[in-house]
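Heads up, the thing below is written out as structure tokens.
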Amino acid sequence: MRDFLRAKLPEVLRAMAPLVGSVCVLQVAFVQAPLPQFLQFLAGSALAALGMLLLFAGVEHGILPMGRYIGAELPRKGSLALILAVAASLGFVTTIAEPDVMILSAQVGTIADSPVGAQALAVLIAAGVGVFSAAALWRIAHGRSLTLLLAIAFALMIVLSLLAAPSFIPLAFDAGSVTTGVLSGPVLLALGLGLSSVLARHAGSLDGFGLLGLASTGPVIVVLLIGWLR
């Protein structure tokens, strides 16, 4: 673990450096924010770097290995229904806990004439990810074309965008953009890679990729569908 943290620290610092450097240039050249506020920014940046370092460690040593193990064990149970149920469940529970999803839902909840409540939006987003995560694992299990499934998903988004209430359209596409975060992304990616490594089709473990892209279309379609039905 110590070697991992030591190796990741330069990567985290390089990732944070452009942001911190840009703000420092703006502070000196244009903004001149009060010194306590600027120092608070520097302290927050240090905490963010530490958080990223711990996040990488948790993902690498905890989330990814367990996700791959679950994905590799599921085919041995011989039940496609079990695979789909686990994918839908993990997609739902990890998305509902995503910080980005919480932030979007909370912001929507502050709007007086919001077309949907904060909690309802979070559930709709998580349900969309869950359903389309199951569809993505069904694709891996049967060796279906990702191109075909994505074409169907994008066609549904286009059609529903023409039918849904205008207030739901921007919300739907923002809902799709907040789903692949620090929790759902590693879990679903590891799950797909674990499943594809066992099935070992023509593309091998590469079949496990594309799951996140397909899953992120789910919330867009679900929210647009609600906007059409309402």
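Okay, here's what the table says:
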read-out: Cut-off 11 Å (backbone N to label point 7 Å along Cα→Cβ of Ala57), residues of segment 150-190; value: none
read-out: Distance (nanometres) between label positions extended 7 Å along Cα→Cβ at Ala33 and Ala15; value: 2.1 nm
read-out: P(r), alpha carbons of segment 38-77 - 5 Å bins starting at zero, rounded %; value: 6, 21, 14, 13, 12, 10, 8, 7, 5, 3, 2, 0
read-out: Average Cα contact separation per residue, the chain, under 8 Å, 6 or more apart, as relative contact order %; value: 27 percent
read-out: Accessible surface of the chain, 1.4 Å probe, proportion on carbon and sulfur as whole %; value: 72 percent
read-out: Burial order of peptide ranges 29-36, 120-127 (average beta-carbon count within 10 Å, highest first); value: 120-127, 29-36
read-out: Arg230-Trp138 FRET efficiency (beta carbon distance; Förster radius 30 Å; 0.05 resolution); value: 0.55
read-out: Fraction in percent of alpha-carbon pairs per bin - 5 Å, segment 80-138; value: 4, 23, 24, 17, 14, 9, 6, 2, 1
read-out: Inter-site label distance for Arg2 and Leu50 at 7 Å from Cα along Cβ, in nm; value: 2.0 nm
read-out: Contour excess over end-to-end distance, with Cα ends at Ser79 and Phe209 and 0.36 nm allotted per residue; value: 44.6 nm
read-out: Calculated from backbone phi, Karplus (6.51, -1.76, 1.60) coupling profile of segment 174-179 in Hz, x at Gly/Pro; value: 5, 4, x, 7, 9, 8
read-out: Hull-based mean projected area of the chain, where the convex hull spans the alpha carbons, in square nanometres; value: 15.9 nm²
read-out: Solvent-accessible area per residue for the chain (1.4 angstrom probe, square angstrom); value: 53 Å²
read-out: For the chain, calculated [θ]222 nm from helices alone, where every DSSP H run of n ≥ 4 adds -39500 (n - 2.57); value: -25500 deg cm²/dmol
read-out: Cβ-placed point charges (K, R +1; D, E -1), dipole of the chain about Cα centre in debye, nearest 20; value: 520 debye
read-out: Distance between modelled label sites at Asp113 and Val159, nm, 7 Å Cα→Cβ extension; value: 3.1 nm
read-out: Whole-Hz couplings from phi, Karplus 6.51/-1.76/1.60, listed for segment 82-91; x for Gly and Pro; value: 5, 4, 5, 5, 5, 4, 5, 5, 5, x
read-out: Listed residue (Ala118, Thr95, Gly130) projecting farthest to the positive dipole end of segment 55-158, Cβ model; value: Gly130
read-out: Computed log₁₀ I(q)/I(0) - Debye formula, equal Cα scatterers, no solvent, segment 13-83, q 0.18, 0.25 Å⁻¹; value: -0.77, -1.05
read-out: Furthest towards positive pole of dipole, Ile226, Gly213, Val28, structure part the chain, Cβ charges; value: Gly213
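The values are calculated or read from the model by the stated rules, or taken from the named source; none is laboratory data. Everything quoted here is computed from the prediction, not taken from an experiment. Virtual Cβ from ideal backbone geometry, glycine too; neighbours counted across all protein chains shown. Heads up: the accessible areas ignore ligands, DNA and RNA and are worked out on the full protein's heavy atoms, side chains in. Shrake-Rupley method; radii C 1.70, N 1.55, O 1.52, S 1.80 Å.
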